[in-house]
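Engineer: Structure below; questions to follow.
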Amino acid sequence: PPLPFPVARGLVVAGQAQFNPYLFVRGLAEALATRAAVHEDSPVTGLDASPGSVETPQGRVAARHIVLATHTPLGFNLVQAEMEVHREYGIAAPTDRPLPPGIHWVRDAGRSLRHYARDGRDWLVVVGEKHKTGEAEPGVRYRQRLLDYAAPRLGVQAPAFGWSAQQFQPADGLPYIGPSAHGNVWIATGFAADGLTWGAVAARLIADGILGEESEAARLLTPRRFTPLKSAPTWGRENAAVVRHLVADRLRDGEAARFADVPPGEGRLVEVDGRKYAVHRTDAGALSVLSPVCPHLKCIVQWNANERSWDCPCHGSRFDAEGHVLDGPALTPLERYELD
């Protein structure tokens with residue numbers, strides 16, 4: 001490929017498309033709004049499959065079928081034990097040396113590069129630096145690493161935008177799409193980094209399933225499938241990690257012995273009189289003291305300095321610095337303590 005740095009060899013996949021995911025999702029929402037009511041700021045805080053109802057802070061919603069298109073099923077679900085959860089980072093910077101069209105995956109570097117043009121400006125998007133959620137390397141600034149990679153190769157300066165995303169990687173390489181143990185509750189999860197593709201597939205398969213139609217694709221992707229040979233390595237790694245975090249993280253000493261040792265803009269696990277706290281200090285100096293125990297499976301959360309969040313290493317639940325849920329499967333916030 002005509003990239004501005006040496007490439008030993010490459011594989012070209014024809015017939016691909018590149019588009020803006022925000023504009024795509026906004027278009028879907030506008031189309032949906034012509035057929036049904038769309039309610040924002042209404043997080044689901046509970047689900048009862050038997051009568052077919054979900055709880056929100058505003059009230060209860062009843063339905064014959066419930067679709068958990070929520071990145072990972074909320075609450076407890078067996079497929080959570082079959083997925084590894086990762087964070088991956090991205091930056092976008094203006095450039096006067098645009099890349100050729102397409103998405104360029106640099107395998108040895110574990111990063112992807114793509115050109116994006118909008119309003120007469122050329123942009124470079126760089127994505128990579130994947131790590132397990134809740135296991136960020138202390139002191140590492142992942143978006144800075146992306147810039148350090150792109151600057152000498154592609155001539156970009158400071159990025160204008162930076163972000164990250166959650167990935168749920170299935171044990172056997174295929175997503176879980178279809179009915180859960182409760183026939184009226186449908187799930188769509190395990191898309192890894194291919195949500196735009198698998199999201200469209202899931203919409204079709206779940207809609208067909210609700211209407212009573214079956215297909216070979218539905219049988220292949222069902223969450224009830226049993227693939228022990230393909231799933232064993234990932235299942236073993238993930239569940240060994242859960243046990244390790246459940247036990248070892250409780251026995252490990254806190255990162256600080258006093259609340260005063262938490263620097264501004266940072267979070268630390270502070271152990272006082274044998275009890276651990278998740279403590280964050282704002283840039284202005286105010287303290288937020290939380291329980292470090294994730295309400296989902298009781299693992300100990302870890303501070304993610306890149307995003308100022310508390311991340312659970314067991315099944316990927318994430319909480320902001322004040323303890324509010326950012327990513328499921330947890331449904332409730334971290335317990336908050338008031339300082340005397």
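Engineer: Within region 22-43, take every residue that is surrounded by 10 or more Cβ atoms within 10 Å (Cβ to Cβ) and not aliphatic (A, V, I, L, M) and give me the one that is farthest from the chain's Cα centre (by Cα).
Structural biologist: Glu30
Engineer: Among the residues that make up region 172-183, is at least one of them open to solvent by 90 Å² or more (accessible area, probe 1.4 Å), in a strand (DSSP E or B) and of a type outside the set (Gly, Ala, Ser)?
Structural biologist: no
Engineer: While we're looking at this one, here's another question. When the residues of region 149-171 are filtered to those that are of a type in the set (A, V, I, L, M) and not in a strand (DSSP E or B), which remaining residue is most open to solvent (accessible area, probe 1.4 Å)? Full working, then the answer.
Structural biologist: Here is the first cut: in region 149-171, the residues of a type in the set (A, V, I, L, M) are 150-151, 154, 156, 158, 160, 165, 171.
Okay, now just the ones that are also not in a strand (DSSP E or B), so 150-151, 154, 156, 158, 160, 171.
Working: Ala150: 1, Ala151: 38, Leu154: 4, Val156: 6, Ala158: 75, Ala160: 57, Ala171: 9 Å².
Checking each candidate, the answer is Ala158.
Engineer: Could you tell me how many of the residues in region 47-70 are in contact with a strand residue (DSSP E or B) (Cβ under 6 Å, 6 or more places away or on another chain) and not small (Gly, Ala, Ser)?
Structural biologist: 8
Engineer: State whether one or more residues within region 57-66 are over 30 Å from Thr222 (Cβ atoms) and crowded, with 16+ Cβ neighbours inside 10 Å.
Structural biologist: no
Engineer: Let me ask another. Mind listing just one residue for me: the one in region 37-82 that is assigned to a strand (DSSP E or B) and small (Gly, Ala, Ser) and, of those, nearest to Ala109 (Cα to Cα)?
Structural biologist: Top of the filtered list is Gly46.
Engineer: Oh, and also: Please enumerate the residues belonging to region 289-302 that are over 19 Å from Phe76 (Cβ atoms), hydrophobic (A, V, I, L, M, F, W, C) and in contact with an Asp or Glu (Cβ under 7 Å, 6 or more places away or on another chain).
Structural biologist: Answer for region 289-302, where residues must be over 19 Å from Phe76 (Cβ atoms), hydrophobic (A, V, I, L, M, F, W, C) and in contact with an Asp or Glu (Cβ under 7 Å, 6 or more places away or on another chain): just Leu290.
Engineer: In the list His71, His86, which residue meets the criterion of being open to solvent by 40 Å² or more (accessible area, probe 1.4 Å), closer than 26 Å to Asn304 by Cα and under 20 Å from the mean Cα position of the chain (by Cα)?
Structural biologist: It is His71.
Engineer: Scan region 282-297 and give yes if some residue there is over 15 Å from the mean Cα position of the chain (by Cα) and modelled with pLDDT under 90, otherwise no.
Structural biologist: Yes, region 282-297 contains at least one residue that is over 15 Å from the mean Cα position of the chain (by Cα) and modelled with pLDDT under 90.
Engineer: Of (1) in contact with a helix residue (DSSP H, G or I) (Cβ under 9 Å, 6 or more places away or on another chain); (2) outside any loop (DSSP other than H, G, I, E, B), Phe19 satisfies all except one. Which?
Structural biologist: If we test Phe19 against (1) in contact with a helix residue (DSSP H, G or I) (Cβ under 9 Å, 6 or more places away or on another chain); (2) outside any loop (DSSP other than H, G, I, E, B), just (2) comes out false.
Engineer: In region 285-311, how many are surrounded by fewer than 22 Cβ atoms within 10 Å (Cβ to Cβ) and farther than 24 Å from Gln144 by Cα?
Structural biologist: Selection size over region 285-311: 12.
Engineer: Cβ-Cβ distance below 9 Å, separation of 6 or more or different chains: which pairs start in region 324-340 with a residue that is more than 21 Å from Ala69 (Cβ to Cβ) and end on one that is in a loop (DSSP other than H, G, I, E, B) and small (Gly, Ala, Ser)?
Structural biologist: Matching pairs, first to second residue: Pro333/Gly323; Leu334/Ser291; Leu334/Gly323; Glu335/Ser291; Glu335/Gly323; Arg336/Ser291; Arg336/Gly323; Tyr337/Ser291.
The values are calculated or read from the model by the stated rules, or taken from the named source; none is laboratory data. Small disclaimer: the values here were computed from a predicted structure and weren't measured. Every residue, glycine among them, receives a Cβ derived from its backbone with ideal geometry; neighbour counts consider all protein chains shown. The protein model used for the area step is the full one, side chains on, heavy atoms only, and it has no ligands, DNA or RNA in it. Shrake-Rupley method; radii C 1.70, N 1.55, O 1.52, S 1.80 Å.
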